[in-house]
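The values are calculated or read from the model by the stated rules, or taken from the named source; none is laboratory data. All of these numbers come straight from a predicted model, not from anything done at the bench. Cβ: placed from backbone, ideal geometry, glycine included. Neighbour counts: every protein chain shown.
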Amino acid sequence: MAAERSAWEKAHAAYLEVHLHRMRLLIQRRIGWLRSHHWHTDPTDRDPDARADRLAAIEAPAEPNLDRTGDEAVRLSKAIAAHESRLAEYEVELAELGAADGVTALCNAAGLDGPLEREAVIAVLCAELDPAIGDLFGYLHDDPHRRYATPGLVAALHQRGISDAWPLLDPTSPTIRFRIFRPEATGSGTPLRLDRRVVSYLRGQNHVDESLTGLVSVLPDIPTPARFDRETDRLAVWLADPDRAAGPVTINLVGPDAETRRAFAARLIRAVALHPLRLHLDRLVGRPERLDLIRLVEREAVLLPAGLYLDAIGGPGDDPGTVAAARELVEDLGGLVVIGSTQRWDGNRTVVVHPVPTLEPADRLELWQASLGGPVDGLDGLVEQFAMGPESIRRAAAEAEAIRQIRAGGSLTAGALTADDVWLACRRFVGRELGELATRLEPSAGWDDIVLPAEQYALLREVAAQVRNRAQVYERWGFGARLARGRGISALFTGPSGTGKTMAAEIIAADLQLDLYRIDLASVVSKYIGETEKNLRRVFDAAEQGGAILFFDEADALFGKRTEVKDSHDRHANVEINYLLQRMEQYAGLAILATNRKSDLDPAFLRRIRFLVAFPFPNTDDRRRIWEKVFPADIPRETLDYEALAKLDVAGGNIKNIAVNAAFLAADAAQRVRMVHLMQAARPEYRKMDKLPRRGEFGDYYELATS
């Protein structure tokens, strides 16, 4: 392949050299005609009167053969014809080496079939390749500062009338629409200029225009499941059918997952021998040069050639400006345009709608094996837990391999990749998306640390067991085929503050080796219409891919009862709740909600909860068990009166605060933890709860708590 490319480049360089020789011959012929017909004085003469007389005497050629008279003109014309014959031979040779020459490729791609369009491109290219050509153009213009080709000059070099050059600057012509020439003016004396992208293309270098960096990107070649490949192959056959009606084509890929849509689109576009380019519409909205950028994108689609992909437009919460820009762009673009959206795309162009289903665990397992280079034991539970898309799977697989190498002491070959390596790589993904909207909680407790009645304790164990065994029940036992939705697991923790709701969530996360994220409601709920849904969508999408456990604290603030619609604000609040209920039902992971006020929750929401765990205020026996567990094993302490401590009417969270503060008091006094430190620490904790220590509650330690 490298040898073939080298041979092509060598032949193409020779081809361009012939163009330069031919251009010099065309210029010589034109100079000869000017000298014999009109330049009776030195063309560099600066005498304005003489120059005016000379210009006034020049007549436009009456016929193409006007400047072919004379022996020198005949000789030059024959030499030009010989060079054109050599150029035709090179064009055949280059095509046989694997690709058309740059000039022919550009003319074919952009549809440059006007009488002078090809010759205008060649003239400007020659001036770019050889500065001496530019000097000669200035000589022909009788102005050394005008070192460029113009429509009029191109017509004169090829013995054509000025009217043949007018289409070069027509706004509807491909030379302007595709920005082959920069649109600067409309007269026959307008400079014709090529930017670097077109010059590079003409020289045989075809890369994405660097001026579009950030606006477009190449969709990576990512594996897709076999059942998706069959669908893309059928669409590709239809697109390539010569009997299909010609014209611009729009394919609308409709599906809930953006990554899956992108992977499907990339494979489809490549299947019809095009480069898949993704256009980032959000970076186009509001820019004053938007029209020119759109034309550059369209030029890129022509030159590469490429199919354009526009992602995630037209769905709920999408920016109206982005949607409007998308509609304008789709209506205007030629070629293949693929639109990814959550809902059907409507427009004036004919749109072929194709559904893109959500990846099933079996699909993800297939993608993992392809990305990891083969089967890895223990991935069944992983594909059920981490609902990752094709691109994330590929990136996580690369990270898992890095984790294996580091674990093996930096070796590239030692040790086999394990499911634990892959599991850890998957967990690291979620934090990148949830960082702005959630706080990661680091579990610090296990099953032995929590004190709850047997019924509640058993419910928590069952929550963890269902998450752990989803692959067994849904996939291997076939329940997944019967559940089109609602495969996620949700739990509602209710009870007074400090009764262990957060600790229980941490324990479940630690047991399942999953990350736990507490949702920051202040950053999620927005007063702006559509923003709350957009934030919630980001939360759920990121959590599903990363397999995270979502912990909505004070959930009544977000999942409250729907209100009677009295104005637009009430209507929008209900839309947010409806959207939230829908996502809760669709969520494939574990969502835990905690509230102190169960009665404030929407009944429709409660019906969608699989587990309801009530955390009671601890009784005396439970409080004693909490006190006995609250101190670390290594902390120095005297014999404590747990019977007396159990009589303090406080919840587990308060007990932990009292114990920690007492430890600091003891450390400051260089003593062991004693009852006096606990009583001193209890006083400010009671003050926080707006309570006063009572003698009946503190007993013999009342004086210590109040002194």
Review point. Cβ-Cβ below 6 Å, separation at least six or inter-chain, first residue in segment 98-121 and under 23 Å from R160 (Cβ atoms), second among the aromatic types (F, W, Y) and in a loop (DSSP other than H, G, I, E, B): which pairs?
Key: A110/F178
**Study point:** Filter result for L66 (modelled with pLDDT under 90, closer than 16 Å to G152 by Cβ and touching a Phe, Trp or Tyr at 6+ places or on another chain (Cβ under 9 Å))
**Key:** yes
Review point. Does segment 256-266 contain any residue that is in a loop (DSSP other than H, G, I, E, B) and not assigned by TED's automatic domain parsing to the domain that holds K10?
Key: yes
Exercise for review: Counting only residues that are touching a Lys or Arg at 6+ places or on another chain (Cβ under 7 Å) and of a type in the set (G, A, S), give me the helices (runs of 4 or more DSSP H) lying completely in segment 650-707 with at least 2 of them.
Suggested key: none
Review point. So is L168 assigned by TED's automatic domain parsing to the domain that holds L25, free of Cβ contacts under 8 Å to residues at least 60 places away in the same chain and surrounded by 18 or more Cβ atoms within 10 Å (Cβ to Cβ) or not?
Key: yes
Exercise for review: Give just the number: which of (1) free of Cβ contacts under 8 Å to residues at least 24 places away in the same chain; (2) of a type outside the set (K, R); (3) under 22 Å from A445 (Cβ atoms) does V673 not satisfy?
Suggested key: (1)
Study note, to complete from the structure: Checked segment 113-147 for anything part of a loop (DSSP other than H, G, I, E, B), under 20 Å from T175 (Cβ atoms) and out of contact with any helix residue (DSSP H, G or I) (no Cβ under 6 Å at 6 or more places or on another chain); matches are D113
Point to revise | Members of segment 586-620 that are of a type in the set (D, E, K, R) and farther than 15 Å from G498 by Cα | key: K598, D600, D602, R607, R608, R610
**Study point:** Out of R364, R344, sole residue that is basic (K, R) and buried (at least 16 other Cβ atoms within 10 Å of the Cβ)
**Key:** R364
Revision key, fill the gap. Among residues of segment 687-706 being over 58 Å from the mean Cα position of the chain (by Cα) and among the aliphatic types (A, V, I, L, M), the residue modelled with the lowest pLDDT is A705
Study note, to complete from the structure: L239 vs (1) at pLDDT below 90; (2) part of a loop (DSSP other than H, G, I, E, B); (3) in contact with a strand residue (DSSP E or B) (Cβ under 9 Å, 6 or more places away or on another chain); (4) of a type outside the set (S, T, N, Q): all pass except (2)
Check your understanding: Of (1) within 30 Å of A273 (Cα to Cα); (2) in a loop (DSSP other than H, G, I, E, B); (3) charged (D, E, K, R), D377 satisfies all except one. Which?
Key -> (1)
Revision key, fill the gap. Picked from segment 383-392 (must be of a type outside the set (F, W, Y) and in contact with a Cys (Cβ under 9 Å, 6 or more places away or on another chain)), the residue modelled with the lowest pLDDT is Q385
**Study point:** Condition check for L202: more than 16 Å from the chain's Cα centre (by Cα), in contact (Cβ under 8 Å) with a residue 60 or more places away in the chain and under 30 Å from Y90 (Cα atoms)
**Key:** yes
Practice item. Please work out which one of (1) at positive phi; (2) crowded, with 22+ Cβ neighbours inside 10 Å; (3) not aromatic (F, W, Y) is the condition A670 fails and give its number. Key: (2)
Check your understanding: Name the helices (runs of 4 or more DSSP H) wholly within segment 563-634 that hold at least 1 residues that are surrounded by 14 or more Cβ atoms within 10 Å (Cβ to Cβ) and at pLDDT 85 or above?
Key -> 620-630
**Study point:** Among residues of segment 634-658, those that are under 20 Å from T706 (Cβ atoms) and small (G, A, S), counted
**Key:** 2
